[in-house]
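Have a look at this one before I ask anything.
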Amino acid sequence: MIEARSISKFFSVVNEKGLAEGLTAVLNVSLTIPDGKIVSLLGPSGCGKSTFLEILAGLQAPTDGTIHIDGKLVLEPLPATRKEQIAYRRRYRFISPLANGVFRDQPKHDIAMIFQDYAVFPWMTALQNVVFALKLRNADPRSTGKTGVVKLKKGVIEEKALFYLHQVDLAPSAHKYPSQLSGGMRQRLALARALSVEPKIILMDEPFAAVDALTREKLQDELLRLLNETGGAGTPITVILVTHDTQEAVYLSDEVIVFSPGPGTIRNRIPVTVKRPRARTDPELVEIQERILAMFQYDINQEADYSI
């Protein structure tokens with residue numbers, strides 16, 4: 001279970017006059033996401049969706065609030081006052097952040113993240129990209145039987161990498177470099193790499209935004225198929241997806257979290273109870289899309305005729 005407790009994020013920015021001023025990206029966001037659910041974060045550009053996703057991943061520290069995964073703290077807020085700084089130093093006396101990471105409670109090895117720009121290594125083949133992720137997971141000092149993470153033998157790593165490339169129909173392109181793959185193929189490679197480490201949680205930041213509409217729909221269906229197959233074999237994977245596409249959010253998700261214009265707060269939480277497999281033209285899905293679009297229209301014009 002993922003728990004976000006009163007998350008806020010403030011940035012200091014320099015205005016056109018050269019003066020520092022505060023920018024609130026996320027404001028007092030609290031939500032709970034059960035295991036095995038697909039949840040979309042939907043909202044206009046600049047509303048803090050990606051910032052919130054990075055806080056969930058532990059890539060950014062919140063200014064206020066905490067993220068807990070299965071009851072474990074992901075990353076605590078950075079100290080803001082002198083008193084907090086003194087207390088922080090007392091808890092973590094090591095100079096090296098890496099040394100701190102060995103002793104602090106960090107469950108992030110159960111999280112995989114997929115970015116909009118694929119984030120695959122261009123100097124590695126498709127196979128080498130997946131093998132690298134598996135080797136990195138294998139080298140994690142937390143990869144012990146006590147945590148449920150089993151170290152892989154060298155001969156097994158490549159076999160497992162090929163299995164996941166086969167799952168996303170990339171096995172014939174295993175020895176090609178990312179520059180030799182289409183945009184959709186590169187995103188499938190990113191998906192194979194994420195699934196190969198068998199995470200409990202996958203965080204996706206506009207993963208299909210850079211491909212054409214037909215490829216986007218195919219990748220959406222591919223994602224659902226893979227989640228169904230991998231989830232059926234063990235613990236269901238939780239997916240949190242940042243998107244600007246209302247149809248994508250409603251089609252994929254068990255729940256859509258609608259963010260308000262910046263600073264980002266939760267405007268509405270809309271459950272999607274239509275059983276899978278779904279049709280994009282399903283009247284119930286279309287009705288939910290129209291409700292969400294009406295909310296956005298209201299935020300833009302401050303007028304609308306709808307009931308929620």
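Could you please let me know if Tyr298 is of a type in the set (Phe, Trp, Tyr) and either more than 20 Å from the chain's Cα centre (by Cα) or assigned to a strand (DSSP E or B) (or both)?
Against the criterion (of a type in the set (Phe, Trp, Tyr) and either more than 20 Å from the chain's Cα centre (by Cα) or assigned to a strand (DSSP E or B) (or both)), Tyr298 qualifies.
Yes or no, residue by residue, for (1) without any contact (Cβ under 8 Å) to a residue 24 or more places away in the chain; (2) over 20 Å from Ile201 (Cβ atoms); (3) among the polar types (S, T, N, Q):
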| position | (1), (2), (3) |
| --- | --- |
| Leu226 | no, no, no |
| Val242 | no, no, no |
| Val250 | no, yes, no |
| Ser253 | no, no, yes |
| Pro261 | no, yes, no |
| Ile266 | no, no, no |
| Ile270 | yes, yes, no |
| Thr273 | yes, yes, yes |
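Let me ask another. Restricting attention to segment 6-22, which residues are exposed (fewer than 15 other Cβ atoms within 10 Å of the Cβ) and touching a residue at least 24 places away in the same chain (Cβ under 8 Å)?
The answer is Ser6, and nothing else.
OK, next. Does Gly264 meet the test of being at pLDDT below 95 and surrounded by fewer than 20 Cβ atoms within 10 Å (Cβ to Cβ)?
Taking the combined requirement at face value, the residue does not satisfy it.
Of the numbered conditions (1) surrounded by fewer than 18 Cβ atoms within 10 Å (Cβ to Cβ); (2) under 27 Å from Pro44 (Cα atoms); (3) of a type in the set (Lys, Arg), Arg225 satisfies every one except a single condition; which is it?
Condition not satisfied by Arg225: (2).
Still on this model: Would you check if Gln116 is under 18 Å from Leu181 (Cα atoms) and at pLDDT 85 or above?
The answer is no for Gln116.
Within segment 202-239, track down each residue that is part of a strand (DSSP E or B) and in contact with a Lys or Arg (Cβ under 9 Å, 6 or more places away or on another chain).
Asp205, Thr238, Val239, listed by residue number.
Which one is farthest from Ile266 (Cα to Cα), of the residues in segment 34-56 that are assigned to a loop (DSSP other than H, G, I, E, B) and of a type in the set (D, E, K, R)?
Filtering segment 34-56 for residues that are assigned to a loop (DSSP other than H, G, I, E, B) and of a type in the set (D, E, K, R), the one farthest from Ile266 (Cα to Cα) comes out as Asp35.
The values are calculated or read from the model by the stated rules, or taken from the named source; none is laboratory data. Quick caveat: nothing in here was measured; it's all calculated off a predicted structure. No Cβ is skipped: glycine too gets one built from the backbone with ideal geometry, and neighbour counts run over all protein chains shown.
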